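Please read the structure below before turning to the comments.
The values are calculated or read from the model by the stated rules, or taken from the named source; none is laboratory data. Nothing here was measured: the structure is a model prediction, and the numbers come from that model. FYI the Cβ positions are ideal-geometry reconstructions off the backbone, even for glycines, and counts take in every protein chain you see. Remember, those area values only see protein heavy atoms, side chains included, never the ligands or the DNA or RNA. Shrake-Rupley method; radii C 1.70, N 1.55, O 1.52, S 1.80 Å.
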Amino acid sequence: MTEKLLNHRAEGPTSAPPLLLGPSLGTSYALWDKVAPELSITYRVVRWDLPGHGGSAPGLIGPGAGVGDLADLVLALADSLGIDRFAYAGVSLGGAVGLHLALHHPERVSSLAVICSSAHFNGSKPWEERAELVRREGLDSLVASADARWFTPGFTVPELVRDQAEADPEAYAACCDALAAFDLRDRLPEISVRTLLIAGREDRATPPPHLREIADAVPGAALVELPGAAHLAPAQCPQAVLTALRTHLGGGAKRGMEVRREVLGDAHVDRAQARQTPFTARFQDFISRYAWGEIWTDPTLSRRERSMITLTALVAHGHYDELAMHVRAARRNGLTPEEIGAVLLQTAVYCGVPAANSAFAAAQRVLAEEDDL
Ligand SMILES: O=C(O)CC1=CCC(=O)O1
């Protein structure tokens, strides 16, 4: 039964937003070892193995396969886990799978990160030759050159080189067939999914111009170039990849600003924007990205629950101006005046009666202004 599915490793809370991570040719999900545990604090991370790589069965793919066949396997895996829509990040061949998914199944992909990859892998010839070599002689010569193709001189990750040695030659060759046939250049402008490109400045397999080409063609795409990173950037520069992915997955300032407006209202946000100066601009941007783009957008808790927690925390620290603003937000998030009163009453127990007294006064003013009392 599971032989029909890609081998995978799932980490993080099942209630968290799903994030699927794809590997590059010759590696396994171990490519994400230094990145996935951190991401799994806030995401339900599912990293998968290519057919015949890591723990995936070789028979999942055959000669003449296309990137679309790999994408179908990824969708079957997501279906089996009850995941309908997911954020996706993939390296090299895994990135090509992401581009295919974003183009052909945009309803399944909430955001896309394409890492050290391309919309084409320099035509079919090198991949036809490589497939032929591997079918004839196995993987030994590719194992010998893995470090040079994947990393900067002197750097290696023995586990990943071992993955290449242990990959199934037929399945590896079928992945080369998929790379040979892959060319999405003409279709890039049709991609509507929010897309981030991450390039390794030292990547010789898919150098930065390949990522720039995608960034220039996909509407609204962002590009990050990592100094010191070669082809397997998540293994060589995990912190830099994490930082770029976190910002991208959090939705960034734009999504943050949308949520901020939904919760605090246009009038408040317009006033805050109008008061912004060069001195405060970075702080405003930080609030939009972090508080609103990352935390208030996380669906693990409802906006009603977040409002209740926020009211309590503001009472605990005596921030009564902010409390007034968040009483308005709580109403917008669906709390009734009675429920707000119940939250404040509870703060009397845990934050102290004088704090709750001031909080009731501040909330009373807001609710009266809004004709709620
Ligand atoms: O192993 C390589 O040669 C680099 C590579 C190209 C496509 C891919 O997934 O990895």
### Summary
Expected vector for the range 211-223, Karplus 3J(HN,Hα) from phi with 6.51, -1.76, 1.60 and θ = phi - 60°, integer Hz, x for Gly and Pro, equals 6, 4, 4, 5, 4, 6, 9, 7, x, x, 5, 10, 10
### Task
Using packing as a proxy for protection, rank 229-242, 52-65, 152-165 so that the peptide with the highest average count of other Cβ atoms within 10 Å comes first.
229-242, 52-65, 152-165
### Summary
The long-range amide H neighbours of Glu225, using H built 1.01 Å from N in the peptide plane and a cut-off of under 5 Å, are Ala199
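Counting each pair of different Cα atoms once, what's the Kirkwood radius of the range 78-149 in Å, rounded to one decimal? Before the final figure, lay out the partial values.
Details: mean 1/r = 0.0699 Å⁻¹.
Over the range 78-149, the inverse of the mean reciprocal pair distance is 14.3 Å.
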#### Entry: the chain: antiparallel DSSP beta bridges as a percent of all, rounded to 5
15 percent
### At 1.306 mPa s and 10 °C, Stokes diffusion of the range 96-238 via Kirkwood alpha-carbon radius, µm² per second
100 µm²/s
### Task
Scan around Ser118 for amide H atoms under 5 Å from its own, H built in the peptide plane at 1.01 Å from N, and keep only partners 5 or more places away or cross-chain.
Ala96
### Task
List, in order, the whole-Hz ³J(HN,Hα) value for each residue of the range 141-157 obtained from phi through the Karplus relation with A = 6.51, B = -1.76, C = 1.60 and θ = phi - 60°; use x for Gly and Pro.
5, 6, 5, 5, 9, 4, 4, 5, 7, 9, 10, 6, x, x, 9, 7, 10
### Message
For a protection proxy built on the mean count of beta-carbon atoms within 10 angstrom, sort 218-226, 268-276 highest first, please.
### Response
218-226, 268-276
### Query
What whole-number value in Å² describes the accessible area per residue of the chain for a 1.4 Å probe?
45 Å²
### Task
Express in nm, to one decimal, how much length is gained between Asp372 and Arg261 on full extension, taking 0.36 nm for each residue of separation and deducting their alpha carbon distance.
37.8 nm
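Starting from the Cα-Cα distance between Thr300 and Ala342, subtract it from 0.36 nm times their residue separation and give me the gain in nm to one decimal.
On the way: separation 42, 0.36 × 42 = 15.12 nm, distance 2.29 nm.
Result: 12.8 nm gained on full extension.
Show me the chymotrypsin sites (Phe, Trp or Tyr not before Pro) within the range 273-336 that DSSP assigns to loop and that have at most 14 other Cβ atoms within 10 Å of their Cβ. Can you show the working numbers first?
Details: sites: Phe279, Phe283, Phe286, Tyr290, Trp292, Trp296, Tyr320; in loops: Phe279, Trp296.
Of the chymotrypsin sites (Phe, Trp or Tyr not before Pro), the ones in loops of the range 273-336 whose Cβ has at most 14 other Cβ atoms within 10 Å are Phe279.
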### Summary
Per the Kirkwood formula over distinct C-alpha pairs, the hydrodynamic radius of the range 242-373 in angstrom is 15.6 Å
### Query
If you take all C-alpha pairs in the range 177-307, what percent of them are over 21 Å apart?
56 percent
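Against the empirical 2.2 N^0.38 Å scaling, what ratio does the C-alpha Rg of the range 1-158 come to? Present the calculation step by step, with values, prior to reporting the outcome.
Details: Rg = 15.6 Å, N = 158, 2.2 N^0.38 = 15.1 Å.
After normalising by residue count via 2.2 N^0.38 Å, the value is 1.04.
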### Summary
Quick calc, Ser358 & Ile41: beta-carbon distance into FRET formula, R0 22 Å, rounding 0.05, result 0.05
### Task
On a C-alpha basis, how far is the centre of the range 299-320 from the centre of the range 1-39 in Å? Whole number, if you could?
33 Å
### Task
Stick to the Cα atoms of the chain, pair each with every other, and give me the Kirkwood hydrodynamic radius in Å at one decimal.
22.6 Å
### Query
Using alpha carbon centroids, what distance separates the range 113-176 and the range 66-80, in Å?
21 Å
#### Entry: Karplus-derived HN-Hα couplings along the range 352-357 (A = 6.51, B = -1.76, C = 1.60, θ = phi - 60°), whole Hz, x at Gly and Pro
x, 5, x, 5, 5, 4
